[in-house]
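Chemist: My structure is below; once you've seen it, I'll send some questions.
The values are calculated or read from the model by the stated rules, or taken from the named source; none is laboratory data. Here the structure is a predicted model, which means the values were calculated and not measured. FYI the Cβ positions are ideal-geometry reconstructions off the backbone, even for glycines, and counts take in every protein chain you see. Side chains included, ligands, DNA and RNA excluded: accessible areas come from the protein's heavy atoms. Shrake-Rupley method; radii C 1.70, N 1.55, O 1.52, S 1.80 Å.
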Amino acid sequence: MRHRILNVLAAASIAVALTGTPANAGGTFLTSDDHADEVVGKFLTDADYTLMIEGLEFKDIEFDWGWVKTPDGKVKKIKALGFDAKSYKTVRIPPVQDFSDSLSPELAAKVHESFERAVKSLGLEVVAPDAKDAGLELGVAIIDLKREKTYAYVAMIDPYIKLEIRLKDAKTGENLLLVRNRAHSETPESAALRCASEMMKFLRQ
């Protein structure tokens, strides 16, 4: 327990250093029940989670949890983004990491393809995953999924995929967008495409 408390305090200190303001103890993913109950720390870290608020929303696109760079540092009632993704011109996308129990060697490749299509729609050129001159780096990880429809009480739960996303300036390492989101559709693969499409709309200027 003491180790856990120290980790939370350290992550909060990092948030202060990055943003100039303390983490919102009542509204970040780090302090949420979701963080306590779900698979965490496989891709994004506690330092990221302490920045991420519930219901990150911009232009009618909403993610379960997220953070984004804005001109005024505020991530609620966002009026504008603090960067133009298209201006970076190129993006590298490392192989998608799969921390789920899918056991499908093709799933990560299909998720990668969905996000590649999304960034191309933003006007970005996708370069090699190890390209040192890329403008942006888009990292994606599969955290969980469900392939079958199930019934819970009076509601039906469609298949879903849960993803973590990190978009950063490839040259400086500065984070631009952090997301943890569960998307539903007919299959996890189509849910990933939906999430990629929503990211594209969120970032489009």
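Chemist: Where a Cα-Cα gap under 17 Å defines reach, which lysines qualify for Lys146, not counting those fewer than 8 residues away within the same chain?
Modeler: Lys110, Lys162
Chemist: Rolling a 1.4 Å sphere over the protein heavy atoms, what is the accessible area per residue of the chain, to the nearest Å²?
Modeler: Numbers: 11010 Å² over 205 residues.
Averaged over the residues of the chain, the accessible area is 54 Å².
Chemist: Now for a separate question. Enumerate the amide H contacts of Leu136 below 5 Å, restricted to partners 5 or more residues apart or on another chain; note that Pro and chain-start residues carry no placed amide H.
Modeler: Thr90, Val91, Arg92, Ala170
Chemist: Residues with amide H under 5 Å of Thr70's amide H, sequence separation 5 or more or different chain, H placed in the peptide plane at 1.01 Å from N; which?
Modeler: Here Gly82 satisfy the definition.
Chemist: Dipole of region 100-193, Cα-centred, from +1 at each Lys and Arg C-beta and -1 at each Asp and Glu C-beta, to the nearest 20 debye? Don't skip to the answer; put the middle values down first.
Modeler: On the way: 13 positive and 16 negative charges, 50 e Å.
The dipole magnitude comes to about 240 debye.
Chemist: Within the chain, which complete DSSP H helices have Cα atoms spanning at least 15 Å along the helix axis and a mean Kyte-Doolittle hydropathy of 0.5 or higher?
Modeler: Details: long enough: 2-19 (26 Å, 1.14); 107-121 (22 Å, -0.25); 188-203 (22 Å, 0.22).
Qualifying helices, which must be both long enough and hydrophobic enough, are 2-19.
Chemist: With only Lys, Arg, Asp and Glu charged, each at its Cβ (+1 for the first two, -1 for the last two), find how big the charge dipole of the chain is about the Cα centre; round to the nearest 20 debye. List each step's numbers first, then the result.
Modeler: Numbers: 28 positive and 31 negative charges, 119 e Å.
The calculated dipole for the chain is roughly 580 debye.
Chemist: Sticking with this structure for a sec: Take the solvent-accessible surface of the protein heavy atoms, probe 1.4 Å, and return the percent of it on the chain that carbon and sulfur atoms account for.
Modeler: Numbers: 5720 of 11010 Å².
Answer for the chain is 52 percent, counting heavy atoms of protein chains only.
Chemist: Turning to a different aspect of this structure: What trypsin sites (Lys or Arg not before Pro) does region 118-178 have in DSSP loop regions with at most 15 other beta carbons within 10 Å? Kindly include the intermediate steps, with their values, before the conclusion.
Modeler: Values: sites: Lys120, Lys132, Lys146, Arg147, Lys149, Lys162, Arg166, Lys168, Lys171; in loops: Lys132, Arg147, Lys149, Lys171.
Counting only loop positions with at most 15 other Cβ atoms within 10 Å, the trypsin sites (Lys or Arg not before Pro) in region 118-178 are Lys132, Arg147, Lys149, Lys171.
Chemist: Lys/Arg Cβ at +1, Asp/Glu Cβ at -1, dipole of the chain taken about the Cα centre: which of Ser100, Ser114, Leu176 is farthest positive-ward?
Modeler: The Cα lying farthest towards the positive end belongs to Leu176.
Chemist: Could you run the Karplus curve 6.51 cos²θ - 1.76 cosθ + 1.60 with θ = phi - 60° over region 44-59 and give me ³J(HN,Hα) per residue in whole Hz, x for Gly and Pro?
Modeler: Listing the rounded values in order: 6, 10, 4, 4, 6, 4, 6, 9, 8, 9, 6, x, 4, 9, 7, 6 Hz.
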